[in-house]
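Take a look at the structure set out below.
No lab work stands behind these numbers, since they all come straight from the coordinates. All figures in this text were calculated on a predicted structure; none of them were measured in a lab. Backbone-built Cβ (ideal geometry, glycine too); neighbour counts: all protein chains shown.
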Amino acid sequence: MDIYTIDFFYDLMYIMFLIGLVVFVSLYFVDAGYGKMRSDKWGPAINNKVGWLLMECPVFFVMLYLYLKSLPLYGGITRGVPYWLFFLIFEFHYFQRSFVFPFLLQGKGKMPIAIMIMSVVWNMINGYIQGYFLFHIAPNDPFYSQLYTSAWLTDPRFIIGALIFITGWIINVHSDHVIRHLRQPGDTKHYLPKGGLYKYVTSANYLGEITEWLGFAILTWSLAGLLFFWFSCCNLVPRSNAIYNKYAEEFPDEFNRKKLKRIIPFIY
């Protein structure tokens, strides 16, 4: 099957919306076996840093490939500034996630190979969906080719979406920083995260990530962007519930005193 056809693209995108729903329901019954919820039942594992690098970098390179293929040098047509910014915003996140974040991780944690492989598959599919839509479908679509002009950069949807994305990125990076510095060197105890949005939720890092992709969905105003936000919620919201329950068990007194939520402050 030709993966560079519009029919294939939309069929795959709708299938991924449905798979996201399955993932959402499943993760309320089965813990995703990495990070704080790692379990040997997921099988062989590899070094955490290597796992994060291998599972995150494919989407960076898939998006790069699809963007380059859209340029005149490689047979494409000239694109406007919005396309260039879409590319930079997406790659900005994944450069940090692929080539910076893994090397900031501390300790000798491991990641199940099965989890890494599933993440690689999702990341490659998502990279294809985002890149093929933005750089190969949108420029030839009557609606989007007129939407993604230089005027789009002053449209409230782009401005609001970009601000939401930046806010989410700051929350995500700061929250990861808080988690990395919970322990002093040599300390093996567990602690309840404090600071930043951890004052309100137990998964502030996940809140930051879904906020980023909400912003991306708005600033691209696309069904592809909405899929990314939807899938992020389907994966991270139930996972935040598992982490919430684990913290509630480990730190009952402190946990109840703070009246924390899972991932959305004051709501859930």
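Things worth noting here:
- Measuring between their Cα centroids, the range 106-156 and the range 187-260 lie 21 Å from each other.
- Prolate/oblate/rounded call for the range 96-164, Cα gyration tensor, a/c under 1.5 rounded: oblate
- A Förster distance of 30 Å, applied to the separation of the beta-carbon atoms of L223 and L182, puts the FRET efficiency at 0.15.
- Sites V22 and Q106 - FRET efficiency at Förster radius 51 Å, r taken between beta-carbons, to 0.05: 0.90
- You can think of it this way: the chain between I6 and K259 has 86.3 nm of extra reach, that is 0.36 nm per residue less the Cα-Cα gap.
- Ellipsoid semi-axes for the range 6-258, based on the Cα gyration tensor and the rule √(5λ), read 34, 19, 17 Å when sorted largest first.
- Under the span-like rule (Cα at least 20 Å along the axis, Kyte-Doolittle mean at least 1.0), DSSP H helices of the chain: 6-26, 48-69, 113-132
- 3J(HN,Hα) along the range 252-268, derived from phi through the Karplus expression 6.51 cos²θ - 1.76 cosθ + 1.60 where θ = phi - 60°, amounts to x, 5, 5, 5, 5, 5, 7, 6, 6, 9, 7, 9, 10, x, 6, 10, 9 Hz, with x in place of Gly and Pro.
- Cut-off under 5 Å, modelled amide H: who pairs with V201 long-range: K261
- Under a 5 Å amide H cut-off, with hydrogens placed 1.01 Å from N, I46 pairs with M111, I113 among residues at least 5 apart or on other chains.
- When shorter helices are ignored and each DSSP H run of at least 4 residues is given -39500 (n - 2.57), the per-residue value for the chain at 222 nm works out to -21000 deg cm²/dmol.
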